[in-house]
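The values are calculated or read from the model by the stated rules, or taken from the named source; none is laboratory data. Being a predicted model, the structure only gives us computed values, none of them experimental. Don't worry about glycine lacking a Cβ; one is built from the backbone with ideal geometry, like all the others, and counts go over all protein chains shown. SASA here: full protein model, heavy atoms, side chains in, ligands and nucleic acids out. Shrake-Rupley method; radii C 1.70, N 1.55, O 1.52, S 1.80 Å.
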Amino acid sequence: LDSVIGAILRIDPRSPSVSKGVKGLGDYTIPPSNKFAADNDPKTLGEIYAYGFRNAHRLSWDLQDGTMYATDIGMNHVEEVNIIRNGENYGWMKREGYWENGMIRPGGALNQLYPLPAAVLSGKEKEPEGFTYPVAIYDHDEGVAITGGFTYTGRIAALRGKFVFGDINRGRLFVSDIAALKKADDGVPQTVAPIEEVQLYVRNAAGARENVSFKELVERVMGTSLTRADLQISRTGDGELLLTSRQDGMIRMLVPDASSATK
């Protein structure tokens with residue numbers, strides 16, 4: 001807590017000379033409601049809102065209830081979706097997903113994971129560190145770098161009530177049910193929401209449905225095979241989702257298919 005590395009910060013961007021508040025590391029004000037701003041410990045940084053992340057790649061908020069999400073890129077094995085709260089510790093470098101990282105064991109390494117004790121995994125026994133665990137995970141058989149996601153509020157009926165995210169490298173698009181994510185936020189490490197993959201498709205010149213992957217779409221533009229898709233997801237003001245790749249510079253939107261009853 002004496003370093004901003006691996007932390008999510010919450011600041012008031014006004015200078016303390018304007019706000020009359022407490023100065024942070026830079027010329028900004030520390031919100032007094034931050035947990036570590038009020039802990040009376042001079043060794044902790046008050047601008048830290050939550051910590052214990054390897055690479056909290058993107059942040060987003062549920063526009064219905066304000067729930068804050070962060071997708072955290074793992075080291076060698078596990079990608080995470082996390083629900084973020086003020087002052088909580090999300091485990092890195094001691095945890096990856098709901099496993100213990102080998103680097104905290106004598107002679108261990110970052111690329112080693114060990115199961116938690118059964119009582120801890122099931123929530124029957126609390127850890128002294130009080131880690132907060134992810135609400136959805138996938139391993140590196142499925143992808144290698146999670147990209148930020150959003151709760152969907154657009155026109156595609158099948159995606160409403162879902163948190164939509166993906167994998168940067170492989171370009172796969174995933175969803176988890178929002179209710180299941182929030183149910184998994186129960187303090188029990190082993191409780192995680194199911195993940196489904198979205199099948200993308202386009203309509204060809206004849207109007208027929210053609211199943212594709214995002215990586216295939218990018219490769220068609222580039223005219224070559226790619227080692228990574230570089231998928232990124234954005235949300236428009238009216239709740240639709242945009243898929244982009246820095247490989248081809250195209251902006252693509254997920255849209256309902258007017259020619260089919262199934263969106």
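A few remarks follow.
- Any hit, the range 141-148, residues being of a type in the set (Asp, Glu) and either assigned to a loop (DSSP other than H, G, I, E, B) or free of Cβ contacts under 8 Å to residues at least 24 places away in the same chain (or both): yes
- Selection within the range 206-215: residues that are under 20 Å from Asp257 (Cα atoms) and not in a loop (DSSP other than H, G, I, E, B). The member of this set that is most open to solvent (accessible area, probe 1.4 Å) is Arg209.
- Applying the condition of being basic (Lys, Arg) and within 23 Å of Gly130 (Cα to Cα) to the range 21-46 and asking which residue is most open to solvent (accessible area, probe 1.4 Å) yields Lys43.
- Residue match in the range 138-156 (condition: open to solvent by 10 Å² or more (accessible area, probe 1.4 Å), closer than 18 Å to His77 by Cα and among the β-branched types (Val, Ile, Thr)): yes
- When we screen Ala193, Ala180, Ala145 for residues that are in contact with a Pro (Cβ under 7 Å, 6 or more places away or on another chain), at pLDDT 95 or above and closer than 20 Å to Ile233 by Cβ, the only hit is Ala180.
- Just so you know, in the range 92-125 the residues that are farther than 21 Å from Leu1 by Cβ, hydrophobic (A, V, I, L, M, F, W, C) and not in a loop (DSSP other than H, G, I, E, B) include one that is nearest to the chain's Cα centre (by Cα), and it is Trp99.
- When residues of the range 74-125 are limited to those that are in contact (Cβ under 8 Å) with a residue 12 or more places away in the chain and among the small types (Gly, Ala, Ser), the one nearest to Phe53 (Cα to Cα): Gly91
- Residue within the range 93-103 that is farther than 30 Å from Gly237 by Cβ, aliphatic (A, V, I, L, M), open to solvent by 30 Å² or more (accessible area, probe 1.4 Å) and touching an Asp or Glu at 6+ places or on another chain (Cβ under 8 Å) present: no
- Residue ID - nearest to Gly87 (Cα to Cα), chosen from residues in the range 47-70 that are among the aliphatic types (A, V, I, L, M) and surrounded by fewer than 19 Cβ atoms within 10 Å (Cβ to Cβ): Met68
- Criterion (over 30 Å from Ser122 (Cβ atoms), basic (Lys, Arg), surrounded by 12 or more Cβ atoms within 10 Å (Cβ to Cβ) and at pLDDT 95 or above) met by exactly one of Arg203, Arg252: Arg252
Residue-by-condition table, conditions (1) in contact with a Cys (Cβ under 7 Å, 6 or more places away or on another chain); (2) over 22 Å from Asp185 (Cα atoms); (3) among the basic types (Lys, Arg):
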{"residue": "Val4", "(1), (2), (3)": "no, yes, no"}
{"residue": "Ile11", "(1), (2), (3)": "no, yes, no"}
{"residue": "Ala37", "(1), (2), (3)": "no, yes, no"}
{"residue": "Met75", "(1), (2), (3)": "no, yes, no"}
{"residue": "Val78", "(1), (2), (3)": "no, no, no"}
{"residue": "Ile84", "(1), (2), (3)": "no, no, no"}
{"residue": "Asn101", "(1), (2), (3)": "no, no, no"}
{"residue": "Arg105", "(1), (2), (3)": "no, yes, yes"}
{"residue": "Pro115", "(1), (2), (3)": "no, no, no"}
